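A short write-up of the structure that comes next.
The values are calculated or read from the model by the stated rules, or taken from the named source; none is laboratory data. The structure displayed is predicted, hence computed values, not measured ones. Backbone-built Cβ (ideal geometry, glycine too); neighbour counts: all protein chains shown. Remember, those area values only see protein heavy atoms, side chains included, never the ligands or the DNA or RNA. Shrake-Rupley method; radii C 1.70, N 1.55, O 1.52, S 1.80 Å.
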Amino acid sequence: MCFSVPKKVLKVQKNTAVVEGNKRIQIGDDIHITPGQYLRVVGNIAVGALSQKEGLKVRQLIKSLNNSYV
């Protein structure tokens, strides 16, 4: 099972997306993404796409879990 923190897409070029932190992520032909949306990333490969609303919701959930164990 994989765990991934959604990364915000800044730019898309062919089969590569540039996300937060200026990281380049490989995206497959089955993932359609635009700047502002979020990617679920494992390593340097996108495994799924999320809307901005979904991405922010998941990030907030992860943050709340982290704060509950401090």
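Does anything in the range 21-42 have its amide N under 20 Å from the 7 Å Cα→Cβ label point of GLN60, and if so which residues? Correct set: 36-40. Evaluating 6.51 cos²θ - 1.76 cosθ + 1.60 at θ = phi - 60° for every residue in the range 39-49, the Karplus couplings come out as 10, 8, 10, 10, x, 10, 10, 6, 10, x, 10 Hz, glycine and proline recorded as x. Under a 5 Å amide H cut-off, with hydrogens placed 1.01 Å from N, VAL47 pairs with ARG40, VAL41, VAL42 among residues at least 5 apart or on other chains.
By accessible area, using a 1.4 Å probe on protein heavy atoms only, the range 5-70 has 52% of its surface on carbon and sulfur.
Ellipsoid semi-axes for the chain, based on the Cα gyration tensor and the rule √(5λ), read 22, 12, 10 Å when sorted largest first. Computed over the chain, relative contact order equals 29 percent, with contacts defined as Cα pairs under 8 Å that lie 6+ residues apart.
Here the chain carries DSSP beta bridges of which approximately 95% are antiparallel, counting only pairs with both residues inside.
With the other protein chains left in place, how much accessible area per residue, in square angstrom, belongs to the chain at a 1.4 angstrom probe?
74 Å²
Taking trypsin sites (Lys or Arg not before Pro) across the chain, the ones in a DSSP loop with at most 11 further Cβ atoms lying within 10 angstrom of their Cβ are LYS14. Placing +1 on the Cβ of every Lys and Arg and -1 on the Cβ of every Asp and Glu, with nothing else charged, gives the range 19-70 a dipole about its Cα centre of roughly 240 debye. Using just its DSSP H runs of length 4 or more, each adding -39500 (n - 2.57), the chain gives a mean residue ellipticity at 222 nm of -8000 deg cm²/dmol after division by all residues.
Axis angle, to the nearest 10 degrees, between helix 52-68 and the longest C-alpha principal axis of the chain: 30 degrees.
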